[in-house]
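Below is one structure, written out as structure tokens; comments come after it.
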Amino acid sequence: MASKKKEASLQASVTNQEQWEEMLATKGLTVVDVYQQWCGPCRAVVSLLRKIKNELGDDLLHFATAEADSIDALERYRGKCEPTFLFYGGGELVAVLRGANAPLLQRMIVEELAKEKLVLEQGGERKAVKDDGLVDDDKAEEEETLPQSENKESIIVPASKSYTVAIIKPDAVAHGKANEIIMKIQDAGFEILAHEERTLTEVEARDFYQHKAAEVDFEDLVQFMSSGLSHILVLSQVEDSTNVVAAWREFIGPADIEEARREKPESLRAQYGTQALFNAVHGSEDIDQAGRELAFLFPNFRTASVTEQDGEEERVERTLALIRPNVARENREEILAKIHESGFTVALQREEMLTEKQVRQFYFQHVEEDFFPALLQNMTSGPVLAMTLARIEAVEHWNNILGPSDVNKAREESPESLRAQFAVENEPINPLHGSASHDEAEREINFFFPKQQTLAMIKPDAMMEHKEKIWEEIHANGFSVMQQKETVLSRETAEEFYKEHREKLFFSQLVEFMCSGPCVMLILKKENAVEDWRAMLGPTDPDQAKETSPDSLRARFGSDILHNSVHGSSTEKHAEEEIRFIFGDISSEAELAGDGETVTTVLAKDKDSSAYENSGMSKSPTGGMSDNKQHNGDP
Ligand code: ATP
Ligand code: MG
């Protein structure tokens, strides 16, 4: 048996109620081995705990042993011989493990510690759980009711919206990567329609993968998939025009993680997969499979076509939320936490300083009202945080938790409401905005997040090796390709296109290069397209890009400042001019198919046609763009 001293320092020994309370007050995650006096703490895990402590070396991770018989709070655990580990964060029970399952214990420690840190460092929500052994613990019970009732609600998407099923598998969850992956998913333009955390049973895992039953690894796969918590998601795309099933499969990369690392280093599997079976994420194979998986994992899921038959059902919708400028920064965090707690997904978010003109435009219905001067003053006093929130019945639900728009009324009648809780001292205007109706929500979302178009180009240097890859990433990042053509630029076109650089020393080099072979021109569309595409490009000089944004296209594919692989319009105005110059007047809103294959055929067809009959850039800034463009326009 190992030396007593070492063990004492590894696991705090809790033997009475007072020590128990002291332990609960400890900052960080405490993993408590609950034992019976007559069998003693679980020796089997001590060396594992030491190894974990050494590897993680984390001050926020604590271990303890607690004797069930002498601590009142553990009354329910008395007389049970099976080893039981209770995980406490901030005095609340956050997870329970029964049995000395070392790999699972290790995974849970890593994951729960990561979660606790999120709570402590970023003000995330701590999810308390209720253990059967602790039915009397009403605090835990209270916390538990919310997520449970949420799960029982039907989840509904419009039948027209395509969706796919995604799973963040137990390996990624156990490594504490779930949140990071979810953020990347949202950044890439996917919208999360449903989100559930649960451990698949063995039977479920078997059924889910029944189509793989003949494969040699099948049993291992079932064991793995049922070994711990997964995050099960239903995804669609913010810009619902591309095939989300294919876009998601692109985004996760090949199932074989070696191949993923080689061929698609940016993919989720390349980044988060650990070994053969443990490839971090799942995606439905095709639309039919997505439907089957959805029915299997979310029996409550309905599409709106079902809804229409019985008008009672709720549906996923979007609403616009604004946090007004004078709400304190620290309250913003708290409000965001409440938004998540209430089951909303933040689909789009931007901070913006509004001009008087914009406020008048946004609140056009209120300009005549007595309170308008105060509203105007408030809304122009600093940057406002605008968010698109999504969930079932988003408009109604957001208004419900906001409370009455009159702050005094909110304070008197519903002190629990967000407007009462976050009201600003001596300020007549309430702190938060919500759209009044579904139609108004769409208008308001479009005001803050107008769909934009930008001109993208795959330059001659990237055409041979990187064209497909760039195309894939365009889709994976939620852009719709409205138009595209492959062509060899004439000297005149190249000169005109880059005329702003006519005086530069590198101009002739640049023109020479741009005409040196075929390139692809694309019109890309999505909310915030100009900025988002520039962000994907990275800095002009690939060397600098490698330093400051190594994931950017230029960092990965460019070879020097001239041969930098891709172009993107620099402002919305330039985008309009360049689109007009390259494609002429476009009336068609049609957009191209989302898979690389279709493109190749389109490209082949287009190859011979000369693109530039109508040269000379138009000065007119209009044409097919959002009505609100002045809002987002000049920087
Ligand atoms: P683009 O307009 O192609 O999207 P950008 O807006 O990042 O790129 P600009 O300043 O507009 O950069 O330059 C246009 C192009 O001219 C660059 O993409 C690059 O190919 C070339 N270029 C810019 N600076 C130099 C330089 N110092 N030497 C050689 N080529 C350059
Ligand atoms: Mg430029």
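At-a-glance table
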| quantity | calculated |
| --- | --- |
| Residues being open to solvent by less than 40 Å² (accessible area, probe 1.4 Å), modelled with pLDDT under 95 and within 14 Å of ligand 2 (Cβ to nearest atom) - total across region 547-576 | 1 |
| Unmet requirement for Glu444, which otherwise passes all of (1) outside the structural domain of Ala575 (by TED's automatic domain parsing); (2) open to solvent by 10 Å² or more (accessible area, probe 1.4 Å) | (2) |
| Odd one out for Asn408 among (1) of a type outside the set (Ser, Thr, Tyr); (2) surrounded by fewer than 21 Cβ atoms within 10 Å (Cβ to Cβ); (3) not assigned by TED's automatic domain parsing to the domain that holds Asp370 | (3) |
| In region 477-514, the residues that are small (Gly, Ala, Ser) and closer than 17 Å to Ala456 by Cβ | Gly478, Ser480, Ala494 |
| Residues being among the charged types (D, E, K, R) and either buried (at least 16 other Cβ atoms within 10 Å of the Cβ) or within 16 Å of ligand 1 (Cβ to nearest atom) (or both) - total across region 452-469 | 4 |
| Residues of region 370-384 that turn out to be outside any helix (DSSP H, G or I) and surrounded by 21 or more Cβ atoms within 10 Å (Cβ to Cβ), as a count | 1 |
| The lone exception for Glu473 - which of (1) without any contact (Cβ under 8 Å) to a residue 40 or more places away in the chain; (2) farther than 23 Å from Leu322 by Cβ it fails | (1) |
| Evaluation of Thr319 against (1) touching a Pro at 6+ places or on another chain (Cβ under 9 Å); (2) at pLDDT 50 or above; (3) among the hydroxyl-bearing types (Ser, Thr, Tyr) (one fails), failing number | (1) |
| Any hit, region 472-494, residues being of a type in the set (D, E, K, R) and within 16 Å of ligand 2 (Cβ to nearest atom) | no |
| Cβ pairs under 7 Å, 6+ apart, first in region 443-464 and within 20 Å of Tyr363 (Cα to Cα), second open to solvent by less than 10 Å² (accessible area, probe 1.4 Å) and among the small types (Gly, Ala, Ser) | Glu444/Ser435; Phe448/Ala386 |
| Where Leu510 falls short, out of the listed (1) free of Cβ contacts under 8 Å to residues at least 40 places away in the same chain; (2) within 13 Å of ligand 2 (Cβ to nearest atom) | (1) |
| Some residue of region 520-531 being more than 15 Å from ligand 2 (Cβ to nearest atom), over 30 Å from Leu385 (Cα atoms) and touching a residue at least 60 places away in the same chain (Cβ under 8 Å) | yes |
| Any chance Ala390 is in contact (Cβ under 8 Å) with a residue 60 or more places away in the chain and outside the structural domain of Ile579 (by TED's automatic domain parsing) | yes |
| Helices (runs of 4 or more DSSP H) fully within region 13-127 counting 2 or more residues that are farther than 25 Å from Gln223 by Cα and in contact with a strand residue (DSSP E or B) (Cβ under 7 Å, 6 or more places away or on another chain) | 17-24, 102-122 |
| Those residues of region 271-306 which are of a type in the set (D, E, K, R) and either modelled with pLDDT of 80 or more or assigned to a loop (DSSP other than H, G, I, E, B) (or both), in sequence order | Glu285, Asp286, Glu293 |
| Long-range neighbours under 6 Å by Cβ, at least six apart or interchain, first residue more than 20 Å from Gln452 (Cα to Cα) within region 226-254, second of a type in the set (D, E, K, R) and modelled with pLDDT of 90 or more | Ser230/Lys169; Ile252/Arg269; Gly253/Lys264; Gly253/Arg269 |
| Failed item, numbered, when Glu330 is tested on (1) free of Cβ contacts under 8 Å to residues at least 24 places away in the same chain; (2) closer than 20 Å to Ala441 by Cβ | (2) |
| Out of Phe208, Phe190, Phe251, Phe224, sole residue that is open to solvent by 20 Å² or more (accessible area, probe 1.4 Å) and either under 16 Å from the mean Cα position of the chain (by Cα) or not hydroxyl-bearing (Ser, Thr, Tyr) (or both) | Phe251 |
| Residue in region 474-526 that is nearest to Ala188 (Cα to Cα), counting only those that are open to solvent by 20 Å² or more (accessible area, probe 1.4 Å) and within 29 Å of the chain's Cα centre (by Cα) | Asn477 |
| Meets criteria (under 24 Å from Lys525 (Cβ atoms), of a type outside the set (Gly, Ala, Ser) and within 18 Å of the chain's Cα centre (by Cα)) for Val281 | no |
| Selection status of Ser480, away from ligand 1 (no atom under 16 Å from the Cβ) and within 26 Å of Leu235 (Cβ to Cβ) | yes |
| Any hit, region 36-51, residues being free of Cβ contacts under 8 Å to residues at least 12 places away in the same chain and within 30 Å of Leu118 (Cα to Cα) | yes |
| Of all residues making up region 531-546, the number that are open to solvent by 70 Å² or more (accessible area, probe 1.4 Å) and more than 11 Å from ligand 1 (Cβ to nearest atom) | 4 |
| Among (1) at pLDDT 95 or above; (2) within 16 Å of ligand 2 (Cβ to nearest atom); (3) in contact with a Leu (Cβ under 7 Å, 6 or more places away or on another chain), the one test that Pro539 misses | (3) |
| All positions within region 397-445 that are of a type in the set (Gly, Ala, Ser) and over 20 Å from Gln358 (Cα atoms) | Gly403, Ser405, Ala410, Ser414, Ser417, Ala420, Ala423, Ser437 |
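The values are calculated or read from the model by the stated rules, or taken from the named source; none is laboratory data. This structure is a prediction, so every number in the text was calculated from the model and none was measured. Note that each Cβ is placed from the backbone with ideal geometry, even for glycine, and that neighbours are counted across all protein chains shown. Surface accessibility is based on the protein's heavy atoms, side chains included, excluding ligands, DNA and RNA. Shrake-Rupley method; radii C 1.70, N 1.55, O 1.52, S 1.80 Å.
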